[in-house]
Amino acid sequence: MKKILVATDAWHPQINGVVRTLRSTIHVLKEQGYQVRVFSPEGFRTIPCPTYSEIRLSLVGKRSALGILQEFLPDAVHIATEGPIGWAMWRACRSLGKPFTTSYHTRFPEYIRMRIPIPLWASYKVVHSFHSSAVRTMVATQGLEDDLRSHKFSNLARWSRGVDTELFKPGDKNYLSSERPLAMFVGRVAVEKNIEAFLKLDMPGSKYVVGDGPAMKSLQKKYPEVTFTGAKHGKELAQHVAAADVFVFPSLTDTFGVVLLEAMACGVPVAAFPVTGPKDIVRNGVNGWMSDDLKEAIIKSLDVPSHGCLEFARKYSWERCSAQFRDNLEFQAS
């Protein structure tokens, strides 16, 4: 039985696309007979992330990572994030000469720049040094691959995403009784999601924000006409998404957006800016609309039929996603 070790700072109880991707992939791999162990913040003392207290940073070092490597003896190691857990495993693997793969889920240089005036080139230098030591760095889309290559990244491999079409599927629009059309954002309520580009629009109908995060209170106060539901999970989340008329994705920095596939699986078209992430998923007139004018994208998305969304989402399964991940790993001979 092959053993896989996944090191990640993003893990339960966090709720985001990275966690959903990792948990779904690991679930499939275990069903296929792989022994998977997760090196995560669980069991370690943590401190709140500066400017984002909802995310906890682990107080963990190389010694802990070496301990799990020597105890578990994995055949393959994957480092999913560039946080304290990721760097600890990075140092441990480097000290042992053990090969590993990484994945690029989050545009940390851009996220950091939104909070602290650090030049992008400086952040990219650090992130590049992290991933350049990997045998392969997995990315979700061609657009992200092209972008990273422009920053001198190499050894890039594709690892797409999936959606649970048993959970996310067309549902009762009357589940939510607000004025139509109903436009909805789902995700972390934080500055990097560019949510205000959606909230400030003057348009008919109603707006929903489903999720939680550090910008929640300030946005609720600023936009009292918007319905903020807080975080939703499982069936309740799927019911909310299915009840929307258009799914709005205003982010300019996301690398993919699993929520886009979840919306499409519910037959809900996506309105977004034409940037990395949506550019690789949204097809104008087929499953949504992209435009530099977000209001235009929303209005045009309302005329997009649901069958195009459903057909597109069915192409993305967690089984296919997990097979890509498995094939990208660097397994050492037993």
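The values are calculated or read from the model by the stated rules, or taken from the named source; none is laboratory data. Owing to the predicted nature of the structure, the values given are computational and were not obtained by experimental measurement. Cβ atoms come from the backbone with ideal geometry, glycine included; neighbour counts cover every protein chain shown. For accessibility, only protein heavy atoms count, side chains too; no ligands or nucleic acids. Shrake-Rupley method; radii C 1.70, N 1.55, O 1.52, S 1.80 Å.
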Which order do the peptides 76-82, 29-35 take when ranked by the mean count of other beta-carbon atoms within 10 Å per residue, highest first? 76-82, 29-35
Neighbourhood charge, 11 Å Cβ-Cβ cut-off, centred on LEU201 and excluding it, Lys, Arg +1 and Asp, Glu -1: -1
Over segment 241-333, what is the mean sequence separation of C-alpha contacts under 8 Å (at least six apart), divided by residue count, expressed as relative contact order in percent? 26
Phi-based couplings in Hz for segment 232-249 (Karplus 6.51, -1.76, 1.60; Gly and Pro marked x): 10, 9, x, 4, 5, 5, 4, 5, 5, 4, 5, 7, 6, 9, 8, 9, 9, 10
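Only four residue types carry charge here, +1 at the Cβ of Lys and Arg and -1 at the Cβ of Asp and Glu. Report the dipole size of segment 217-290 about the Cα centre in Debye, rounded to the nearest 20.
So the dipole magnitude of segment 217-290 works out to roughly 200 debye.
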Summarise the accessible area of the chain (1.4 Å probe, protein heavy atoms) by the percent that is carbon and sulfur. 52
Cα axis of helix 62-72 to longest principal axis of the chain: angle in degrees, 0 to 90, nearest 10? 80
In order over segment 262-274: 3J(HN,Hα) from phi, Karplus 6.51/-1.76/1.60, θ = phi - 60°, whole Hz, x for each Gly or Pro, gives 5, 5, 4, 5, 8, x, 9, x, 10, 10, 7, 7, x
May I ask for the net charge around LEU156, where only other residues with Cβ less than 10 Å from the Cβ of LEU156 are counted and Lys, Arg are +1 while Asp, Glu are -1? +1
Excluding MET184 itself, what net charge comes from residues whose Cβ is under 9 Å from its Cβ, given Lys and Arg +1 and Asp and Glu -1? 0
Can you tell me the orientation of helix 84-96 relative to the chain, as the angle in degrees between its alpha-carbon axis and the longest Cα principal axis, to the nearest 10? 30
CD proxy, 222 nm, the chain: helix-only mean residue ellipticity via -39,500 (n - 2.57) per DSSP H run with n ≥ 4, per residue, nearest 500, stands at -10500 deg cm²/dmol
Would you mind checking which residues have amide H under 5 Å from GLY288's amide H? H placed 1.01 Å from N; only 5 or more apart, or other chain. VAL270, ARG283
For the chain, what is the convex hull volume of the alpha-carbon atoms per residue, in Å³? 129
Table column - 3J(HN,Hα) (Hz), segment 137-143, Karplus curve with 6.51, -1.76, 1.60, x for Gly and Pro: 10, 8, 10, 7, 9, 5, x
Nearest 10 degrees, 0 to 90: what angle lies between the long axis of helix 318-328 and the longest principal axis of the chain (Cα atoms)? 30
Kirkwood Rh for segment 175-286 from C-alpha pairs, in Å, is 14.1
